[in-house]
Amino acid sequence: MFANYLTGLREGLEASLVVCILIAYLVKTGRRDALAPVWIGIGVAVLIALGFGAALTFGSQELTFEAQEALGGSLSILAVCLVTWMVFWMRRTARHLKAELHGKLDAALRMGTGALVATAFLAVGREGLETALFVWASVRASGDGTHAPLTGVILGLATAVVLGWLFYRGAVRINLAKFFTWTGGMLLVVAAGVLAYGVHDLQEARFLGGLADKAFDISEQIPPDSWYGTLLKGVFNFQSDPTVLQVTVWALYLVPMLVLFFAPVGFRSSATVTQKATHGQAEAEHTPQAADSGAGHGGDPRPDGERLRDGARRAGDRPGGDEG
């Protein structure tokens, strides 16, 4: 249930922040007349997301078992791809999201009501469809025959709506950068479990082989129906008897994604510092050589003079310092 709550909270809060930015900008710029079209676009996006989730839930019930597993596995993998892209996209562009939305709203205000509806719909609709798909896959992966997974998602979404409203009112301030960093990392762990479950679905649909090749079986040590087995499944989508392919895919996804997600800024900073230091050292070594070669060259005096002046300027001397 916790993993589903986290999913609903993280995905819902992104959509809530988008709505807050749109509404706050219109209010602060004195364009309250444009609020109605924006709310219409937001409402349509929410309804389409809910309809998409309902279609996924009830539309697959008429299929055969193999078809249900093939559809569920394929959509689970697609959901993992989308949420992975979203997590990295949000980390890269979160600081510019406000300015980007403001620019789109300015353009829409100049174009008219229809453009406002479309802007709000696209801004929220993308988040809504991604949320519906990943929530459906996550609930399906951690489902245990109860309503706990869906309850967790609903509670997470409700919390996100409340937090969005409090942000708008200025009643709550948190470090969103840290929030999205740590929840993004946890969401990647959840996504790894969803991916492994999707692979298992494709194995049960006989689209992939290896269903009988178990990596390990600790069902006796961690019974799936025990409270701790249920907790592990609810938080990490843990399975006590996964196949070799499931474990392989899980590890090949999770380890690189966590490394890339938490370390790229440090790697880039180190690379940039190293590059600047190397470049500065190369310039320091090149400067006296250029001056010497310019002084002793017997060819065209203009290039030599330019090299001398450039070398002296970089070394911090006056261009005519050595001529006296």
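What to note about this one:
- Based on Cα contacts under 8 Å between residues 6+ apart, region 15-132 shows a relative contact order of 56 percent.
- Label-point gap, in nm, between Phe207 and Val255 - each point 7 angstrom along Cα→Cβ: 2.6 nm
- Using a Förster distance of 30 Å, the FRET efficiency for Gln61-Tyr228 (Cβ separation, nearest 0.05): 0.45
- With the highest mean first, a sort of the peptides 190-197, 210-217 on other beta-carbon atoms found within 10 angstrom per residue produces 190-197, 210-217.
- Residue list for region 208-224, given a label point 7 angstrom along the Cα-to-Cβ vector of Val244 and an amide N cut-off under 13 Å: 209-216
- Partner lysines for Lys178 [C-alpha distance under 21 Å; skip if fewer than 8 residues away on the same chain]: Lys98
Laboratory data are not the source of any read-out in this text; all were calculated from the coordinates shown. The model shown is predicted, which means the values in this text are computed figures rather than measured ones. Please note: Cβ atoms are built from the backbone with ideal geometry, for glycine as well, and neighbour counts cover all protein chains shown.
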